[in-house]
């Protein structure tokens, strides 16, 4: 069962993502902050991460950069209700991050996870599991 780290400071959004992922046979670890997310990531292994771009005490761009520094091939989905996602593809560091704008439907989340896996590890990992 693929393990997904969800970092989002909105409890209701985080809970919705966790439910959708669990129903679709993912193991989910939820965190509400960048610091706790990075700590959990360092203590365990994950097959993918979902990162909110606008976190209360940090920003998702820094979190994504830190995750990719640790595991360059990690499939990542960036989520945001703002237009910040429009600029993701303009940076080489974030060109292989899948973007998903809030609010989104459950099937869009599952497709984004699969697409993120295809961006960084074709025919393996998350993409094969979905």
Using the basic label-point model (7 angstrom from Cα toward the beta carbon), what is the residue 57 to residue 36 distance in nanometres? 1.0 nm
Residue-span extension gain [residue 23 to residue 11] - 0.36 nm each, minus C-alpha spacing: 2.5 nm
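Every number here is computed from the coordinates shown, using simple stated rules; none is lab data. Here the structure is a predicted model, which means the values were calculated and not measured. Because the Cβ atoms are built from the backbone with ideal geometry, glycine has one as well, and the counts that use them run over all protein chains shown.
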